[in-house]
1. Report the accessible area of SER133, computed with a 1.4 Å probe over the heavy atoms of all protein chains in place, in Å² rounded to the nearest 10.
2. Using the alpha-carbon centroid of each, what span in Å lies between region 306-334 and region 125-194?
3. Express in Å², to the nearest 10, the accessible area of ASP202 obtained by rolling a 1.4 Å probe over the protein heavy atoms while all chains stay in place.
4. Order ARG137, ARG331, ARG143, ARG118 by their accessible area, 1.4 angstrom probe, all chains in place, largest first.
5. Dimensions of region 163-245 along principal axes (Cα, Å, largest first)?
Amino acid sequence: MNHFAYPQMFWLLLLPFLFRAVVPVVKGLHGDALRVPFLGDLTKISLKSGSLWGHTSEVSGRFPLPLILLYAVWLLLVTAAARPQWVGEPVRIKNYSRDILMVMDISNSMQEPDFALRGRRIDRLTAVRLVASDFIRKRADDRIGLILFGTRAYLQAPVTYDKKSVEEILNTMDAGMAGDSTAIGDALGLALKTLKDSPDKDKKVIILLTDGENNDGALSLPQAINLAREEGVKVYTIGVGSDMSRDFFGFGLLGGRPGLDEASLQKIADETKGTYFRAKDTSSLVRIYDAIDKLEPSVNEDQFVQETRELYYLPLLAALLLASVIAFRMRRAA
C-alpha cells in the first residue's frame, strides 16, 4: 500500500501560479517574464522553443514548453517533500506482558497418589506436571521461569521466552530431588531475588504450589512475606492435597491435610494482593490454573507494526535528472 506522509505539501504546487498572479512582470529581451530573483538563469530562457530545443517555431499558449518543464521539476520536488511511502501489511507483534515464576514443591509428600486422571490414580506431582505444562503453553506472550524446592530451593529456569525448555525441565522433575522437608520461605525468597531485575514492577507474578508447611530453611515465612510486599510482587498460592489422608494401613480418614498450612498460604496471598487456591483433585487444579490465567491476562495483545519504506528519493532523483537536462540544453543554446 502506497501513501504520502505529508500530503498537505501538495498545496505548494499552487505557489508558482500565485507568484505569476502577484509578482509584477518585467520587460526584457524576450518579452514579458516573471521576476524570480532566486533563479537568475531563468532570464536566459527564451520564450521560443528554438532557443532551448533547436528549432524556431513559436510555442503556442500561455505556458511555453520551458516553463512547463520547470514546473515539472517543481512537481517532482513537492512530491518528494510529501514523502511517498510504501506500507506493508499489519503484523501482530508478540508482547511479552508478564514475568511468571512458577515455584513448585517437589518434596517426597508430592508422591501421594490421591489424584485421579481418566479413572486411574496418579500422584500429586504427575497431576501438577500435566496441568502446569498446559498453563505454560497457554501463556504464549509471557516469560516463564521455574523454581523447584524441598529442603532447598533451586532455580531451574530463569524467566525466559523459551517455554519448551521450561516444559522439558518440568517433565523431568521427580519428588524428593530437592530433599524431604519443605522450605517455603527460602523458595519464596529465591523467587523474589530472581524477579528483582525484571523491568516492570506491575507485571511480576509468582505461583507458589505446595502440599506442606514451612518446616525448613533459613528464611521464615513472615520475612518472605515482608520481602514480597516490599517488592510489590503478586503471589498466587496453591495448596495441593485431597481431604482424604491415609493412615498407616492405607485406609482413608476424613479430615484436613495435617501437613498443609492453609493459613500461611492464605496470608501470603492476602499480603501480596494475590489469591489462595485449594487443589483437592485434578479437575480443581485445572480450574485453578484457568482462574490464574484469567486473573493475569496478557495485555496489549492487539499491537501491530507495519513495515514502512521511504520512496521520496525516486521523485527527488527524477527532479535532479530533469533539472540537469534543462541546464544542459540551456548551456548548449547559449
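The values are calculated or read from the model by the stated rules, or taken from the named source; none is laboratory data. These figures come from a predicted structure and were not determined experimentally. Ligands, DNA and RNA are stripped out before the accessible areas are found, and what is left, the full protein with its side chains, is counted by its heavy atoms. Shrake-Rupley method; radii C 1.70, N 1.55, O 1.52, S 1.80 Å.
1. Ignoring ligands and nucleic acids, SER133 comes out at about 10 Å².
2. 64 Å
3. 130 Å²
4. Correct descending sequence by accessible area is ARG118, ARG331, ARG137, ARG143.
5. 40, 34, 25
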